[in-house]
Amino acid sequence: MSFETVIGLEIHAELHTRSKIFCSCATTFGAKPNANTCPICLGLPGTLPVLNEEVVNLAVKAGTALNCHINKLNKMDRKNYFYPDLPKAYQTSQYDLPICKGGHVDIEVDGMKKRIRLNRIHIEEDAGKLIHLEEQPVSLIDYNRVGVPLIEIVTEPDLRSVDEAVTFLRTLKAILEYGEISDCRMEQGSLRCDANISMRKTGQDTLNTKVELKNINSFKELQKALEKEEKRQRELYTFGEESKIKQETRRWDSAKGKTVPMRTKEDAHDYRYFPEPDLVPIIIREEQIVSIKESLPEMPAQKKERFARQYGLTEKEVDIIIGDKALSQYYEALVLLGAAPKAAANWILGDILRLLKEKELEADLIPVRPDALYRLIQIIAEGKISITAGKEVFEAMFITGKSADAIVEEKGLSQISDSVELEKIVEGILDSNPQSLKDYAAGKTQAAGFLMGQIMKASRGKANPQVTKELLDSKLKERLE
Amino acid sequence: MKILVEDVQYIAKLAKLSFSEEQAKKMAMEFESILTHFESIDKFDLSDIHLDLYSEALQPVLRKDETAVFPDKEKLFQNVKSMSDTSIMVPKILE
């Protein structure tokens, strides 16, 4: 009997705003603990929240980019639970009237296109951060993240494999990044994902008991967590022990590389939602939706199609460059400066990606600016240095931040293309190798190769091969006449 | 809608409150009368009413996306029992 995997995802993305959702505290990451707090986000008595207009704009933008229906009248609700990451003891969220309904994202896995339906998108506030100290009976609370605006994107259970789930998240991340809706920095927690996974007999319509996996902060973790849980459930079904699968929430522990059950009380999920009495309903006008739709920048799917057409890149090359917004911007900047599209792609897919990986840097932190790389490309094109030397220069630019010219100068890498200087070397080699000259005259053409090698050696590799070859040919001709 | 004393005690537990049997009984009756009132509202047929149409008459209440620093951090945390540098220190609570 064959089984199929059923996966649904819930994605939390921090919205790209300057201030928090209900107060004017900054949303900047990495501030001193509790520096970005005020009486409103700390939920002190007597304060009133006021919704940030940019939160509505960005949520509508997300809904538009993800083909959702926008609810022109929607409202906030209170989700009640007690945990120290939430100073108000409730999270302001949306329950039965979310800002967006429905929608879909088209993904492509192994050349097959598939449409993944969305259930909804709602807006809510983020919670604070708890640091549990090792070997001490205390936890430290930092409320800077409390009230940072989030959208929660909920899919239908349409994903049928771990690969589809990972591809979906990648596709969604690219849309949110290109749309400037969220900065999607997974390592900083501004894009997080929970996954629901269950198994059923192929062809079955109903859903079986699902397990919820929480706390997933990277594509690799999503892949690993889902693969582990898929394997566990598949084995239980294969041996007829599916009754052992309980509806539960498991936390992905990246250090241990496995999921662990969360110690939640059985009634902790009874959130007693009710309408937020401190906020008026959210009203969205048709003109607002239209103007947001018009302001939407080029989305990854369109960009992909354009890159393939305009720059003549292969699908694989386009996928890698488009997959990262910073890379695609770098690429276009390089091409705009005048670099050949193919050469620009080779630099990015080769040396840039390799060095970013080695130095563990994100693509928005490439230390060599596009104009600096373009200068290097020009130096190579002019024949001043060889391509091999160019790669060496680029690495030095990447590490030191110096210009291509400065490094070529420092390392003495510039090729000798000056014919006067080259002529001297060539004449010298011809004078000191009379036997080779005789061999050449006797029709042994490989003698020219030997002479060429001697010239390169004498110039310590700096002779421009093309110019040298031409010069050697003409000198040989001269001497044989 | 019938509300039992057990329902009241369950909600009280979720809200981290405790009531005597006497108080819970009184609340059960009050809850019931409130919910019965809602039930009568629920009887209205509103299937042809579209909330979106009414939004035209309403004004959105929003603030600009501008930042400001709340200056008096000392006062802000004056009721916190213990702090470690600028972090709030609480007994370890694991989810």
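Beyond a 20 Å Cα-Cα separation, which of these cross-linked pairs lie in this structure: A:K357/A:K411; A:K325/A:K357; A:K88/A:K246; A:K61/A:K173? Kindly include the intermediate steps, with their values, before the conclusion.
Details: A:K357/A:K411 25 Å; A:K325/A:K357 17 Å; A:K88/A:K246 32 Å; A:K61/A:K173 14 Å.
With Cα atoms farther than 20 Å apart: A:K357/A:K411; A:K88/A:K246.
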Placing each pseudo-label 7 Å from Cα in the direction of the beta carbon, A:K231 and A:S243 end up separated by a distance in nanometres of 2.7
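State the percentage of accessible surface on segment A:296-408 attributable to carbon and sulfur atoms; use a 1.4 Å probe and exclude ligands, DNA and RNA. Write down the numbers at each step before the final one.
Values: 3150 of 5610 Å².
Result for segment A:296-408: 56 percent of the exposed heavy-atom area is carbon or sulfur.
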Given a 1.4 Å probe, the accessible area of chain A per residue, as a whole number of Å², is 49
For peptide B:78-89, the mean count of other chain Cβ atoms within 10 Å per residue Cβ is 5
Note: probe point = Cα of A:E358 + 7 Å toward Cβ; backbone nitrogen < 12 Å; residues of segment A:381-395 passing the test are A:391-395
If N is the residue count of segment A:57-164, its Cα Rg over 2.2 N^0.38 Å rounds to 1.36
The rounded separation in angstrom of the Cα centers of segment A:367-392 and segment A:44-63 is 48
For chain A, the longest principal axis of the Cα atoms and the Cα long axis of helix A:465-480 enclose an angle in degrees, to the nearest 10, of 10
Cα-based Rg and Dmax for segment A:3-289, in Å, come out at 19.4, 59
A chain fully extended from A:Y95 to A:K129 at 0.36 nm per residue, minus the present Cα-Cα distance, gains in nm 9.9 nm
Shielding of A:128-135 by other chains, given as the mean Cβ count within 10 Å, works out to 2
Reported to the nearest 10 Å², A:C23 has, with a 1.4 Å probe, an accessible area equal to 10
So the angle from the long Cα axis of helix A:300-311 to the longest Cα principal axis of chain A, reported in degrees to the nearest 10, equals 10
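Whats the longest run of chain A with zero chymotrypsin sites (Phe, Trp or Tyr not before Pro) that are DSSP loop and have at most 12 other Cβ atoms within 10 Å? Walk me through the numbers on the way to the answer.
Working: sites that count: A:F82, A:F239.
With a cap of 12 other Cβ atoms within 10 Å, the longest stretch comes to A:240-481.
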Partner shielding of A:364-373, taken as the mean number of other chain Cβ atoms within 10 Å, equals 0
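Please identify every one of the GluC sites (Glu not before Pro) in segment A:322-406 that sits in a loop by DSSP and has no more than 14 other beta carbons within 10 Å of its own beta carbon.
Listed in order of number, the matching sites are A:E360, A:E362, A:E382.
So how much slack lies between A:F29 and A:L365, counting 0.36 nm per residue of separation and subtracting their Cα-Cα distance, in nm?
Working: separation 336, 0.36 × 336 = 120.96 nm, distance 1.69 nm.
Taking 0.36 nm per residue and subtracting the Cα distance, the gain is 119.3 nm.
Using the Cβ atoms and a cut-off under 12 Å, what net charge is assigned to the surroundings of A:L48, where Lys and Arg are +1 and Asp and Glu are -1?
Details: positive: B:R63; negative: A:E276, A:D278.
It works out to a net charge of -1.
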Filtering GluC sites (Glu not before Pro) in segment A:80-167 by DSSP loop and by at most 15 other Cβ atoms within 10 Å leaves A:E134, A:E135
Log entry, pair A-B: total buried accessible area, probe 1.4 Å, protein chains only, in Å² rounded to 100, is 4100
In whole percent, the fraction of accessible protein surface over segment A:419-480 that belongs to carbon or sulfur atoms, probe radius 1.4 Å, stands at 53
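What percent does the relative contact order of chain A come to when contacts are Cα pairs within less than 8 Å and at least six residues apart?
Working: 794 pairs, mean separation 66.7, N = 481.
Relative contact order here is 14 percent.
For the protein assembly as shown, which semi-axes, largest first and in whole Å, follow from the square roots of 5 times the eigenvalues of its Cα gyration tensor?
Values: eigenvalues 810, 146, 121 Å².
Over the Cα atoms of the protein assembly as shown, the semi-axes work out to 64, 27, 25 Å.
The values are calculated or read from the model by the stated rules, or taken from the named source; none is laboratory data. Computed from a predicted structure; not experimentally measured. Virtual Cβ from ideal backbone geometry, glycine too; neighbours counted across all protein chains shown. Accessible surface areas use protein heavy atoms only, side chains included; no ligands, DNA or RNA. Shrake-Rupley method; radii C 1.70, N 1.55, O 1.52, S 1.80 Å.
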